[in-house]
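K.L.:
Supplied in structure tokens, the structure appears directly below.
Values quoted throughout were computed directly from the atomic coordinates according to the rules given, and no laboratory measurement underlies them. All figures in this text were calculated on a predicted structure; none of them were measured in a lab. Every residue, glycine as well, gets a Cβ built from its backbone with ideal geometry; the counts of neighbours run over all protein chains shown.
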Amino acid sequence: MDLDELLVGHWSSLPLSYGVMEASELGFLGDGWGWSTWFNVGGMCVTRFEWRCPALGIVELRARWRVEGTPGPGAGPVTFASAEPPEPVDDLTRRSYRIGPVVPMPGAEAVPAVTFEEPVEFCHEYARGAVRIRREEEPAHRLLPDR
């Protein structure tokens with residue numbers, strides 16, 4: 001399995017999307033699985049994917065499951081308040097990326113980030129979150145079947 005260990009962990013567009021009404025998050029697990037989450041005040045979508053890096057700076061994401069619904073209230077990790085039935089999918093996307101510092105807004109200090117040449121879940125840039133994440137942190141882990 002070809003994985004870039006630097007991608008493993010949680011990534012969020014929130015620190016880099018000041019003032020926007022929606023955000024995206026990515027979770028890359030060290031076993032080649034992961035998820036993407038897109039959310040705003042009225043809806044959210046979680047896609048579970050397999051991932052690999054066939055070449056340096058290239059990541060392939062093969063979507064396997066998708067679930068949509070409404071986000072739960074409150075601060076903290078994004079959760080579902082209600083959800084539609086999960087749907088199996090088989091979509092492959094391939095993206096060029098680089099990992100390095102990004103300045104979130106003029107005058108701010110740079111933060112570690114991953115930048116994709118083309119958007120993943122509507123965003124090009126994601127700030128680094130926790131490096132160690134667990135499968136149970138996926139917002140849809142109770143709604144989707146085990147791998």
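K.L.:
Based on Cβ point charges of +1 for Lys and Arg and -1 for Asp and Glu, what charge dipole magnitude is obtained for region 5-137 about its Cα centre, in debye rounded to the nearest 20? Can you show the working numbers first?
P.N.:
Values: 12 positive and 18 negative charges, 62 e Å.
It works out to roughly 300 debye.
K.L.:
While we're on this one: ³J(HN,Hα) across region 102-110 via Karplus (A = 6.51, B = -1.76, C = 1.60, θ = phi - 60°), whole Hz, x for Gly/Pro?
P.N.:
With the stated coefficients, region 102-110 comes to 9, 8, x, 7, x, x, 8, 7, 5 Hz.
K.L.:
What are the ³J(HN,Hα) values, in whole Hz, obtained from phi via the Karplus relation 6.51 cos²θ - 1.76 cosθ + 1.60 with θ = phi - 60°, for each residue of region 135-141 in sequence order, with x given for Gly and Pro?
P.N.:
3, 5, 7, 5, x, 10, 4
K.L.:
While we're looking at this one, here's another question. Which of the peptides 41-49, 69-77, 113-121, 95-103 is most tightly packed, and how do the rest follow, going by the mean number of other Cβ atoms within 10 Å of each residue? Can you show the working numbers first?
P.N.:
On the way: 41-49: 19.2, 69-77: 11.6, 113-121: 17.4, 95-103: 13.9.
Going from most to least packed, we get 41-49, 113-121, 95-103, 69-77.
K.L.:
Follow-up question, since we're still on this one. When you have a sec, figure out the Kirkwood radius of region 28-122 from all distinct Cα pair distances and drop it here in Å to one decimal?
P.N.:
Details: mean 1/r = 0.0663 Å⁻¹.
Computed over region 28-122, the radius equals 15.1 Å.
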